[in-house]
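Read the structure below first, then the notes.
The values are calculated or read from the model by the stated rules, or taken from the named source; none is laboratory data. For clarity, every value in this text was computed on a predicted model and none was experimentally measured. For neighbour counting, all protein chains shown are included, and Cβ atoms are generated from backbone atoms with ideal geometry for every residue, glycine included. We work out accessible area using only protein heavy atoms, side chains counted, and drop any ligands, DNA or RNA first. Shrake-Rupley method; radii C 1.70, N 1.55, O 1.52, S 1.80 Å.
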There are 2 protein chains.
Amino acid sequence: MLAAARRLFASRDPRAVTMDDIAREAGVGRGTLYRRYPDTVSIAVALLDAHERELQEKLLHGEPPLGPGAAPAERMAAFYTAMVELLDQHIDLVLGAEVGDARFTGGAYGFWRVHVRSLLVEADLADPDALVDILLAPLAPEAFRFQKETRHLGPDRITSALHLLARGVFR
Amino acid sequence: MLAAARRLFASRDPRAVTMDDIAREAGVGRGTLYRRYPDTVSIAVALLDAHERELQEKLLHGEPPLGPGAAPAERMAAFYTAMVELLDQHIDLVLGAEVGDARFTGGAYGFWRVHVRSLLVEADLADPDALVDILLAPLAPEAFRFQKETRHLGPDRITSALHLLARGVFR
DNA sequence: GTCATAAGTGGACGCACCGTCCAGTTAATT
DNA sequence: AATTAACTGGACGGTGCGTCCACTTATGAC
């Protein structure tokens, strides 16, 4: 069922994938699908979960500069690099998982938020609570998709620009 | 009809307002509504248009620091201030107008993009094409709404944080 | 091995919204 | 007054949603 969903998310606009589509592709009835997942968002989240946990683990206990030990500015830049990589590899799943408000209500955003906020606090910057969501905004999947698909920017250029941002904010 | 739509956008989640709702509230049939507007997005855009044009005019021919004459960093900060004000006053309309991809395909985003890009060029910063969308990302209505409604941040704090961003990027 | 109970399955159902279409009405023109 | 044009509002078919339930399959007791 998850494999069927992954195929569909990859093969067309993830936001247009319906529960019927997934059920049909998986060869099961709608009721069976609904028994396990309440909507397409939670299916995309389930598919994305492993990758997000992996990054979260590296942020908490990995090597610097992603993990603890490096200066906040370095860690922020490394975080941007890792997030762009994750977005680039799984943009279809992230688009499926973070449609509309789901981006903010899902657990992953909370994790990124706590992490970046702690970096801001460590760097002793003014009003981390206001800055944190601003620094995370460029990682919104819709924004990334626009840069990638419409503006034809590669992950490297996006990452470089984000590094400029990180360097600018973290004096 | 526009008045009815404005009432509805203001009174509930703008993304949940349907064409039937607006037609009923306006006291006309669905067909009549569709004759003038193809979807709810274009209705929200029509309501927002006047306010956006006003700001665009100020950017092009107004007094500095919003208009021409001030340093790019100053103009960027002023632009952030004005955009936060616009978002704060009309968040319901912007949410209705920029749902999903509409944010990027609508004409307004293109205008903001050209403006900010020209400031980046004037300041001689690296890769304006990559930076511009990153600097505009925090102005996405979903992000602003999250900061305002969920994080309970006032426009002043958001503006200050954005100024920090502008100052950081524009050396 | 048989039977009762539980867990699981898949499609049918009613609902909401979409976008189109058209018969009827109203206004404009000569 | 008559002809034409423009407008109106609801009916229609289509799609996706989420629930519900008759049926099948697995589990465990005797």
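Observations on the model:
- Test: residue in the range A:31-41 that is more than 14 Å from DNA strand C (Cβ to nearest atom), open to solvent by less than 60 Å² (accessible area, probe 1.4 Å), under 21 Å from the mean Cα position of the chain (by Cα) and not acidic (Asp, Glu): yes
- Residue count for the range A:132-171, restricted to those that are in contact (Cβ under 8 Å) with a residue 24 or more places away in the chain and among the hydrophobic types (A, V, I, L, M, F, W, C): 11.
- Hey, B:Glu85 modelled with pLDDT of 95 or more, closer than 30 Å to B:Asp124 by Cβ, of a type in the set (D, E, K, R) and open to solvent by 30 Å² or more (accessible area, probe 1.4 Å) or not: yes
- Residue check, A:Arg103 open to solvent by less than 30 Å² (accessible area, probe 1.4 Å), of a type in the set (Lys, Arg) and over 10 Å from the mean Cα position of the chain (by Cα): no
- Count of residues meeting criterion [touching a helix residue (DSSP H, G or I) at 6+ places or on another chain (Cβ under 6 Å), closer than 14 Å to A:Tyr80 by Cα and not basic (Lys, Arg)] in the range A:144-163: 7
- For the range A:157-168, the set of residues classified as at the interface with chain B (Cβ under 8 Å from one of its Cβ atoms) and open to solvent by less than 10 Å² (accessible area, probe 1.4 Å) consists of A:Ile158, A:Ala161, A:Leu162, A:Leu165, A:Gly168, listed by residue number.
- Contact map, the range B:98-118: residues that are within 15 Å of A:Arg145 (Cβ to Cβ) paired with residues that are part of a loop (DSSP other than H, G, I, E, B), Cβ distance under 7 Å, separation 6+ or inter-chain. Pairs shown: B:Glu98/B:Gly106; B:Arg103/B:Ala140.
- For the range B:119-129, the set of residues classified as more than 9 Å from chain A (Cβ to nearest Cβ), in contact (Cβ under 8 Å) with a residue 24 or more places away in the chain and surrounded by fewer than 21 Cβ atoms within 10 Å (Cβ to Cβ) consists of B:Glu122, B:Ala123, listed by residue number.
Residues are listed down the side, and each one gets a yes or a no for (1) within 22 Å of A:Leu165 (Cα to Cα); (2) in a helix (DSSP H, G or I):
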{"position": "A:Leu60", "(1), (2)": "no, yes"}
{"position": "A:Met76", "(1), (2)": "yes, yes"}
{"position": "A:Tyr80", "(1), (2)": "yes, yes"}
{"position": "A:Val94", "(1), (2)": "no, yes"}
{"position": "A:Val99", "(1), (2)": "no, no"}
{"position": "A:Gly110", "(1), (2)": "yes, yes"}
{"position": "A:His115", "(1), (2)": "yes, yes"}
{"position": "A:Asp124", "(1), (2)": "yes, no"}
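- Among the residues of the range A:20-30, the one identified as more than 10 Å from DNA strand C (Cβ to nearest atom) and either touching a residue at least 24 places away in the same chain (Cβ under 8 Å) or among the aliphatic types (A, V, I, L, M) (or both) is A:Ile22.
- Filtered residues of the range B:111-166 (kept if polar (S, T, N, Q) and more than 17 Å from the chain's Cα centre (by Cα)): B:Ser118, B:Thr150, B:Ser160
- Some residue of the range A:10-22 being surrounded by 16 or more Cβ atoms within 10 Å (Cβ to Cβ) and among the small types (Gly, Ala, Ser): no
- Condition broken by A:Leu47, with the remaining ones in (1) surrounded by 12 or more Cβ atoms within 10 Å (Cβ to Cβ); (2) hydrophobic (A, V, I, L, M, F, W, C); (3) near DNA strand D (Cβ under 10 Å from one of its atoms) satisfied: (3)
- If you go through the range B:143-156 and keep only what is facing chain A (nearest Cβ under 7 Å) and in a helix (DSSP H, G or I), you end up with B:Ala143, B:Phe146, B:Gln147, B:Thr150.
- Pairing residues of the range B:31-50 that are at positive phi and part of a helix (DSSP H, G or I) with residues that are within 9 Å of DNA strand C (Cβ to nearest atom) and of a type in the set (Phe, Trp, Tyr), at Cβ distances under 8 Å and at least 6 apart in sequence or on separate chains, gives no pairs at all.
- Applying the set (1) away from chain B (no Cβ under 14 Å); (2) away from DNA strand C (no atom under 16 Å from the Cβ); (3) closer than 22 Å to B:Asp101 by Cα to A:Pro14 leaves exactly one unmet item: (1).
- Checked against the criterion of being at pLDDT 95 or above, open to solvent by less than 10 Å² (accessible area, probe 1.4 Å) and farther than 14 Å from B:Ala137 by Cα, the candidates A:Val94, A:Val132, A:Val114 yield just one match: A:Val94.
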